[in-house]
Amino acid sequence: MGRTLLFVDSSQQPAAMLFYSFFKSLAGSEVIVELKSGLAIRGTLHSVDQYLNVKINDVSVVDEVRYPHLISVQNMFIRGSVIRYLQLPRDKVDTELLQDATRKDMAPQSS
């Protein structure tokens, strides 16, 4: 199954709102969240908030040998500022629509 990798930077406010709306529509999809610490977590996206904090259900750690203490964890709340990447199912992402929306959102506003 192909995956799309999205870089998450919640410090850019207009773009963050665009991604917030996008991620909300992906609730129920299987994702892999890679944290800035290097930990990668696979699970089902339950919810996301305006700060790009995410709640993941049915959690499994990608590298169980390195993180054996997380094997028993079933649900996880992850602060948006510690997320490096979100890997999404390719069939759930319309990259052209996202790129177009980002261009429009970042274009200078004429008064």
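The values are calculated or read from the model by the stated rules, or taken from the named source; none is laboratory data. Note that the structure is a prediction, hence the values are computed from the model and not measured. These accessible areas exclude ligands, DNA and RNA; they are computed on the full protein's heavy atoms, side chains included. Shrake-Rupley method; radii C 1.70, N 1.55, O 1.52, S 1.80 Å.
Here are the numbers for the structure shown:
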| read-out | value |
| --- | --- |
| Inverse mean reciprocal Cα-Cα distance (Kirkwood Rh) of the stretch 14-85, Å | 12.4 Å |
| Accessible solvent surface per residue of the stretch 46-97, calculated while the other protein chains remain in place, 1.4 angstrom probe, Å² | 66 Å² |
